[in-house]
Amino acid sequence: MTEPSTESGVPTSTRRHLTQIIQSVGTPAYVYDLGVVRSSFAALREDLPAASELFYSLKANPHPLVVAQLADLGARAEVSSTGELSVALAAGCPAHGVLYTGPGKTMAELEDALHRGVRLFSVESVTDRQRLAEACSRTGSTADYLIRVNSPRGSTGGSLRMTGRPSAFGVDHNDSQALDRLLRPLGAVRPVGMHTFCATNIADPVALAAEFEQSVRTIAAIAGPAGFTPQVLDLGGGFPAPFARPGSLPRHPQLRAAIDAALDTAFPDQRRNGTRVLFESGRALTATAGTLLTTVLDVKLSGDRVFAVLDAGVNVLGGMSGLGRLRSPSVVPIPLGEGTPASELSPAGPVTLVGPLCTPLDVLAPAVEGLSLSPGQTLAIPNTGAYGPTASLLGFLSRTPPAEVVVDGDRIVAAGRLGLHTQEVVLRG
Ligand SMILES: *Cc1c(COP(=O)(O)O)cnc(C)c1O
């Protein structure tokens, strides 16, 4: 039925189609394997409390067929823009099951979401809640909201922390003035629970459990004294997955019991009350399903360093690191097939993998050992199904965006290419 990733990180069913894909769409090309999406969803579902609900965070990979596969499996949609909402609804996610999150929601997008039937929002501040209430009165609708709480640290884990320090996300757990206001309904909107999202990609299983336990305690410490009984506990995510290097999806055999115990301690009536417990994941549901194919364009020596120039750079993968604020994605590619005759340069030492952009920030890996590359060779960068093209600097240098190909077992289901184009805007007045 479903095929797991191979040990190398390139799924078996993806390998089957590589030649045809490279011949038809060239490189760079992303390949998304729906069989791996299915097995990833099943794995995470199994590791979480049985009665909980799992939301797919579309920002990880908004490809319509990836979203449709997850919707089909029963994932709900967590969206943060009008564009993501459109993809989710077109993919078959019912609007009433959507959770709308994110700082800086505009009146226009709130009204649009309400028009289309979204009824659950995460609010990030008193102002955000005010705007939601006004959007409801303008559209004649009602809505429920979760109060997003910036909870104290449960651990030191996570590759990108959202909470436990001053943050643009949510309301500080000790900001009692804001919380007092948000815990009371306003106009046609009412609070139904709380939302936490501590960090992403928490590799250490002990730290991951500690974050969830901390979130549960934080929510209880706010709700209890206020006499507020949450109907919805959104505990966020943080589930890890390998990124752009070989590896398989981590499992969490202890997690379900740890979270159940924390919930039963902090909210002894939650099972009897039918309290909804929500989790969110982007990367763990899609990362291992994706493979980026790229071609070596040049291999050259500068000083004592070897550079391999690829046709995929930070315009295609890990683009946010191209801004120089994050470390380079440090990819570890897998050479495909035999490669072409070695160039006169056969580097023995580490190779710096760079992209084709005219900036020294276009580095996919500062130093990869054990690679012997030559121009014309194709490489696979595994585990790139999350935070791929749509998290990259697609527009920079106006290069052709990568192709995206979806495979499922022995079928190639679709092939396309993201585009960037100017749409004419009619000026008013
Ligand atoms: C980004 C984000 C997620 C998904 O994070 P992953 O690391 O991809 O699982 C979930 N919830 C919120 C609120 C987010 O901002």
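The values are calculated or read from the model by the stated rules, or taken from the named source; none is laboratory data. None of the values given here were measured: they were computed from a predicted structure. Quick reminder, even Gly has a Cβ in these numbers, built from the backbone with ideal geometry, and neighbours come from all protein chains shown. Note: areas computed on protein heavy atoms with side chains; ligands, DNA, RNA excluded. Shrake-Rupley method; radii C 1.70, N 1.55, O 1.52, S 1.80 Å.
Note the direction-averaged projected area, equal to a quarter of the hull surface, for the Cα convex hull of the range 75-134, in nm².
Numbers: hull surface 14.1 nm².
Computed as one quarter of the Cα hull surface, the answer is 3.5 nm².
Element breakdown for the chain at a 1.4 angstrom probe: carbon and sulfur atoms account for 53% of the accessible area. Could you check the spin-label model distance between residue 417 and residue 226? Points 7 Å from the Cα along Cα→Cβ, value in nm. Modelled inter-label distance: 5.1 nm. Using Cα pairs closer than 8 Å and at least 6 residues apart in sequence, work out the relative contact order for the range 68-112, in percent. Rounded, it is 44 percent for the range 68-112.
State the extension gain, in nm to one decimal, for the chain segment bounded by residue 107 and residue 20, taking 0.36 nm per residue of separation less the distance between their alpha-carbons.
Values: separation 87, 0.36 × 87 = 31.32 nm, distance 4.63 nm.
Additional length available on full extension: 26.7 nm.
Ordering of 66-74, 305-313 by packing is 305-313, 66-74, highest average first (other Cβ atoms within 10 Å, averaged per residue).
When you restrict to C-alpha pairs under 8 Å that are six or more residues apart and normalise by the size of the chain, the relative contact order lands at 20 percent. Run the numbers on the range 288-417 and let me know its relative contact order in percent, using alpha-carbon pairs under 8 Å that are six or more apart. Worked out over the range 288-417, it gives 34 percent. Between residue 96 and residue 264, the modelled labels are 3.2 nm apart [label points 7 Å from Cα along Cα→Cβ].
For 410, 112, 180, the ranking by accessible surface with the largest value first comes to 410, 180, 112, using a 1.4 Å probe.
The charge dipole of the range 71-224, taken about its Cα centre with unit charges on the Cβ atoms of Lys, Arg (+1), Asp and Glu (-1) only, comes to about 280 debye. Per residue, the solvent-accessible area of the range 288-417 (1.4 Å probe, heavy atoms of protein chains only, all protein chains present) comes to 43 Å². DSSP beta bridges fully contained in the chain are about 45 percent antiparallel. Working note: 222 nm ellipticity from helices only, DSSP H runs with n ≥ 4, each -39,500 (n - 2.57), summed and divided by the residues of the chain, gives -8000 deg cm²/dmol to the nearest 500.
With the simple spin-label model, which puts each label point 7 Å out from Cα in the Cβ direction, the residue 271 to residue 398 separation comes to 6.3 nm. Which residue, chosen from 275, 253, 286, occupies the Cα position most advanced towards the positive end of the dipole of the range 243-296, where the dipole is computed from +1 (Lys, Arg) and -1 (Asp, Glu) charges on Cβ about the Cα centre? So the residue furthest toward the plus end is 286.
When 111, 424 are compared by accessible surface with a 1.4 Å probe, the order from highest to lowest is 424, 111.
Relative to the present Cα-Cα distance, how much length would full extension add between residue 307 and residue 115 at 0.36 nm per residue of separation? Show your work: numbers first, answer last.
Working: separation 192, 0.36 × 192 = 69.12 nm, distance 5.24 nm.
In short, 63.9 nm is gained.
Give, in nm to one decimal, the length gained when the segment between residue 248 and residue 367 is fully stretched (0.36 nm per residue of separation minus the Cα-Cα distance).
On the way: separation 119, 0.36 × 119 = 42.84 nm, distance 2.24 nm.
This chain segment gains 40.6 nm when fully extended.
Just check the chain against the gyration tensor rule for me: Cα atoms, a ≥ b ≥ c as the square roots of the eigenvalues, rounded for a/c under 1.5, and otherwise prolate or oblate depending on whether a/b exceeds b/c.
On the way: a/c = 1.97, a/b = 1.72, b/c = 1.15.
Note, shape of the chain comes out prolate.
How far, in degrees from 0 to 90, does helix 34-47 lean away from the longest principal axis of the Cα atoms of the chain, to the nearest 10? The answer is roughly 40 degrees. The calculated FRET efficiency for the pair residue 51 and residue 12, based on their C-beta separation and a Förster distance of 22 Å, comes to about 0.05.
Could you order the peptides 183-196, 249-262 from most to least packed, using the average number of other C-beta atoms within 10 Å per residue?
183-196, 249-262
What would the Debye formula give as log10 I(q)/I(0) at q = 0.19, 0.21 Å⁻¹ for the alpha-carbon point model of the range 288-417, no solvent? So the normalised log intensities work out to -1.08, -1.28.
Here r is the Cβ-Cβ distance between residue 177 and residue 428 and R0 is 35 Å; the resulting FRET efficiency, rounded to 0.05, is 0.30.
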